[in-house]
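Report on the structure given below.
The values are calculated or read from the model by the stated rules, or taken from the named source; none is laboratory data. On a predicted model such as this, the values are computed, not experimentally measured, just so you know. FYI the Cβ positions are ideal-geometry reconstructions off the backbone, even for glycines, and counts take in every protein chain you see. Side chains are part of the model used for accessible areas, which takes the heavy atoms of the whole protein and leaves out ligands, DNA and RNA. Shrake-Rupley method; radii C 1.70, N 1.55, O 1.52, S 1.80 Å.
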Amino acid sequence: MTRSLRLLYIALFLALLLALGAWSLRGFSGFSVAADTPLLNGKWAKAVETRYDEEFPLKRLGTNIWAALDYSLFGEGRPGVVLGRDHWLFSDEELKPVANAEQHIEDNLKLIEGVRQTLAQHDVQLLLAIVPAKARLYPEHLGKQQPASLRHDLYQRFLAHVRRSGIIAPDLLASLEQEKAKGAALFLRTDTHWTPHGAELVAQRLGQIVQRHAPLAGEPQRFVTQIDAAKPYQGDLTRFLPLDPLFSELLPPPDELQARSTHAVGAEQNAADALFADTQVPVALIGTSYSANPNWNFLGALRQALGSDILNYAEDGHGPLQPMLKYLQSDALKNSSPQLVIWEFPERYLPMAADLSQFDPAWIAQLKSAAPAGERLAATAN
């Protein structure tokens, strides 16, 4: 290589570094930290480092290229998603094996029984809404990866056990399968969750069960639901396909989400009356993002199906056990117990170990050691 070529090579290399540096600095536009963030303890430096790491162009370029190769050549995404047929995506939590699954199932079933008994001590009826896995309802869209053997009969095992324990638990899988046979879209193709129509169907089924097995006291309220125009919706499972922005055209087509909203008839008058009335809401809803996320309008659909207001204690991202255990320790249960608690519980969480580190281990052990229910005559909730 001649001296001129060496100089040209060095100049091009330095120009590339300067260009990438300038590109990276663009990521700091609009960046700020709290005014009281100290410089000396490293928090300010950590904030800058995190921002730079997120905006570093080569990282994004490498991530996009690697994800595109995985997706195009091997039909794979990041851990967390399983690619199915026809642009369907599934959470790998519904398919993969789980270490010590049988022990987790036993522990979680004991906790569920402890929850039932604790609520019973407050004269509160428990209704367990077991949400079937998306992969169970739509197995025809699965690809080469199939559910682990422990999941084959998980839903029916779960349902049969809690019914033997005397817990009201309708067979929501059967209801969803009947509606699916009519061509209804009940789960989103690119998301973990159900569609608003699927949520409404489950709410209506629960309303029938409540009327039959645990009718609510008081006068029913009227609720109406407004259905909005369908809009494109990119589901949560696409986050495990980091193809955007360079290869966004490879992503599965977005779902069509038809959002809904529910409100009480005469809501303004009801609110005014409530200011002067000692009213108690008869129903509490506890669960996961199936209940907490307003995109599905499950809370609104339940209110309309039950003809009752509902207090929602569901949480996004913490599974079904944490919100319930927090509720059992809350003043809301101690001071103003509802008549009914609806516990939305996706089946995929049954064989998983829950993070219960925030709770007193002695109290958790006490819940698990609740006297077994035996073979009590349970409401089958068919």
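Fully extending the segment from TRP363 to HIS87 would add 94.8 nm, taking 0.36 nm per residue of separation and subtracting the current Cα-Cα distance. Comparing Cα centroids, the range 305-374 and the range 171-213 end up 22 angstrom apart.
Computed from backbone phi, the HN-Hα couplings of the range 143-160 come to x, 6, 8, 10, x, 4, 4, 5, 8, 4, 10, 4, 4, 5, 4, 4, 4, 5 Hz, rounded to whole numbers (Karplus: 6.51 cos²θ - 1.76 cosθ + 1.60, θ = phi - 60°; Gly and Pro given as x).
FRET efficiency for the pair ALA11 and LYS180, taken as 1/(1 + (r/R0)^6) with r the Cβ-Cβ distance and R0 = 56 Å, rounds to 0.30. Couplings 3J(HN,Hα) for the range 127-132, derived from phi with the Karplus relation 6.51 cos²θ - 1.76 cosθ + 1.60 (θ = phi - 60°), are 10, 9, 9, 7, 8, x Hz, where x marks Gly and Pro. One chain, two ends: GLN145 and THR225. Fully extended at 0.36 nm per residue, the span grows by 24.9 nm beyond their Cα-Cα distance. Surface composition of the range 109-228: carbon plus sulfur atoms contribute 48% of the solvent-accessible area (1.4 Å probe, protein chains only, all chains present). What shape does the range 89-370 take by its C-alpha gyration tensor, where a ≥ b ≥ c are the square roots of the eigenvalues and a/c under 1.5 counts as rounded, a/b above b/c as prolate, and the rest as oblate? Oblate, since a/c reaches 1.5 and b/c is not below a/b. PRO323: net charge of surrounding residues, Cβ under 10 Å, Lys/Arg +1, Asp/Glu -1, itself excluded? Result for the neighbourhood of PRO323: -2. If the segment from HIS122 to ASN295 were pulled out straight at 0.36 nm per residue, it would be longer than the present Cα-Cα gap by 59.0 nm. Calculated accessible area for the range 89-370 comes out at 45 Å² per residue, all protein chains present (probe 1.4 Å; ligands, DNA, RNA ignored).
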